[in-house]
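Data first, discussion second: the structure below is written as structure tokens.
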Amino acid sequence: MKDNRLYLALVSVFVLTWSSAFVATKFALTTCPPNLFLSFRFISAGVILLAVAAAKGQLHRHIPWAKIALLGLLNQAGYYGLAWAGMETTSSGLATLITSLNPVLVSVAASLVLGESLSTRKVVGLALGLAGAALVVHDRIAFGEDAHGVLLIGIALLCMVAGTLAFKKLDLKESLIVVVGGQQLCAGAMLLAVGLGTERFADISLNSTFWLSLAWHIGVVSIGAFSLWFYLLSKGSATSASSLHFLMPPVGLVMSWLILHEPLRAADLVGTVPIGIGIWLVTRHATTPRPKAMAQAAK
């Protein structure tokens, strides 16, 4: 029971921290071009995590940096680079909803690529989650959301799906600190190259909003949320872990409404009902981490 409570607590923290990124992004984009901001964020987070790994003696010459770089390209550079570009012309609430479709794509792809079982109960749950998210997305686009921005966020979602499957397929043996830190550092270098070629340092406003947004993205999202995500992914199937993204729409919409004063429409609230039922069906019998496994991961 104690392990179940701990697992649920970690899931709750993950959902809150991951959802907060969409709101924090809107503040960040008012102070700095997206690729440059992301490069500062990822490089800083990567250096911090790898410094911790070095202090713990976890860095060695046989670390598969090429594989870690591939994960960084998909999970950070591709996902965030495209999603932030899309969020320049869309609301944070809509971005949250689109990325919540992750479980549907991951579950289907995982059954083909990883051989994970896809029971009737999971199919029904995923279909309900998809229907709820689709309802809200359709309503948002009908009321003026930018279609090009939606497309960019959709491609970003595909990058994240590919990154999720790659993480499970590669089954890296290094600690999460090394894997997450390496991804962040590689992604930061990639986005810095893009930013230097397409954006201007003159457009950066080094005000309090910039520094607070950067600190939040580095500490809470890049280090906190991403570490939790890969931990949860390593302890369960890709389908069960990814289904947690169905929780993002209601949380993200409420955050956007409270903090950014984005409109909260009736379809938003109606769509969360099948989403909630869907997440329950997909994860109802999900395996929670065993005490020994959780203790080892915490080392």
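Here, each number is a calculation from the coordinates, and none is a lab measurement. The structure presented is a predicted model; accordingly, all values stated were derived computationally and were not measured. Positions of Cβ are backbone-derived with ideal geometry, glycine not excepted, and every protein chain shown enters the neighbour counts.
Under the simplified labelling scheme, the Arg200-Ala66 pair shows an inter-label distance of 4.1 nm, with each label point 7 Å from Cα along Cα→Cβ.
Given R₀ = 41 Å, FRET efficiency for Ile277-Thr89 by Cβ-Cβ distance, to 0.05? Kindly include the intermediate steps, with their values, before the conclusion.
Details: r = 32 Å, r/R0 = 0.78.
The value I calculate is 0.80.
The 3J(HN,Hα) values that the Karplus relation (6.51, -1.76, 1.60; θ = phi - 60°) gives for the stretch 121-132 are, in residue order, 4, 5, 4, 4, x, 5, 5, 5, x, 4, 5, x Hz. Gly and Pro appear as x. The peptide list 32-40, 216-224, put in order of mean Cβ contacts within 10 Å with the highest first, becomes 32-40, 216-224. Between Val254 and Asp146, the contour length at 0.36 nm per residue exceeds the Cα-Cα span by 36.8 nm.
Rounded to the nearest Hz, the phi-derived 3J(HN,Hα) couplings of the stretch 101-106 under the Karplus curve 6.51 cos²θ - 1.76 cosθ + 1.60 (θ = phi - 60°) are 6, 3, x, 5, 5, 5, where x marks glycine and proline. Ordered by the count of other Cβ atoms within 10 Å of each Cβ, fewest first, Asp203, Asp146, Asp171 give Asp171, Asp203, Asp146.
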